[in-house]
Amino acid sequence: MSRRVALSVVAGVVLLGGAGAFALAQAGEQTPAPAHSTARYSAPEGDRDGSLVFVTDVTASSGVKSVKVLAWPQHSSFAEKGLTAKDMAAAETAVCKPAGQDTVRCTYTAKVTGADAKSSPHGTWHVAVLATAKDGTTTLDTMAADFTVR
């Protein structure tokens with residue numbers, strides 16, 4: 001094999017190896033990824049309170065630090081201007097438990113009183129999720145799940 005061909009082969013191997021290492025490094029830095037999100041709303045009835053239960057699985061290669069949840073009506077200022085991570089700062093935190101390698105299952109439950117239901121807009125609501133990984137990366141899903149208030 002000529003010297004030029006040998007150098008080209010070595011350069012190609014180094015380039016491919018570097019690209020592979022970069023791809024592995026990027027795969028290792030996975031941002032938090034909410035998945036399989038569901039919301040279940042039960043209206044209050046008589047003396048019995050209702051509830052909102054939201055469940056999501058979140059995966060992050062560095063681990064999950066926190067998951068914040070905010071329910072918002074479809075016809076609101078958030079629909080007009082868009083929901084941001086800054087808006088989620090005061091949102092409530094879901095309770096998360098391990099559900100596999102790098103994955104947690106997070107549950108948020110809120111009591112809904114008769115007064116809450118009467119004062120809440122009826123129609124479609126969305127649940128927003130701000131997932132924060134231990135390495136500081138975040139993912140905001142403004143419409144992770146929907147439910148209807150009647």
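The values are calculated or read from the model by the stated rules, or taken from the named source; none is laboratory data. All figures in this text were calculated on a predicted structure; none of them were measured in a lab. When we count neighbours, we look across all protein chains shown, and the Cβ atoms used for this are built from the backbone with ideal geometry, even at glycine. When the accessible area is computed, the model is the full protein with side chains, heavy atoms only, and any ligands, DNA or RNA have been set aside. Shrake-Rupley method; radii C 1.70, N 1.55, O 1.52, S 1.80 Å.
Values as computed for the structure displayed
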| quantity | calculated |
| --- | --- |
| Tally, over the range 104-131, of residues that are over 13 Å from Val55 (Cβ atoms) and of a type in the set (Val, Ile, Thr) | 3 |
| Any hit, the range 101-108, residues being free of Cβ contacts under 8 Å to residues at least 24 places away in the same chain, open to solvent by 30 Å² or more (accessible area, probe 1.4 Å) and in a loop (DSSP other than H, G, I, E, B) | yes |
| Some residue of the range 74-96 being closer than 24 Å to Pro44 by Cβ and of a type in the set (Asp, Glu) | yes |
| For Gln30: the one exception among (1) surrounded by 13 or more Cβ atoms within 10 Å (Cβ to Cβ); (2) modelled with pLDDT under 95; (3) within 25 Å of Trp125 (Cα to Cα) | (3) |
| Matching residues, the range 109-135, being among the small types (Gly, Ala, Ser) and open to solvent by less than 50 Å² (accessible area, probe 1.4 Å) | Ala110, Gly114, Ala117, Ser120, Gly123, Ala128, Ala131, Ala133 |
| For Thr84: the one exception among (1) touching a residue at least 24 places away in the same chain (Cβ under 8 Å); (2) outside any loop (DSSP other than H, G, I, E, B); (3) open to solvent by 50 Å² or more (accessible area, probe 1.4 Å) | (2) |
| Qualifying positions in the range 62-75 - open to solvent by less than 60 Å² (accessible area, probe 1.4 Å) and either over 19 Å from Leu52 (Cα atoms) or part of a helix (DSSP H, G or I) (or both) | Ser62, Gly63, Val64, Ser66 |
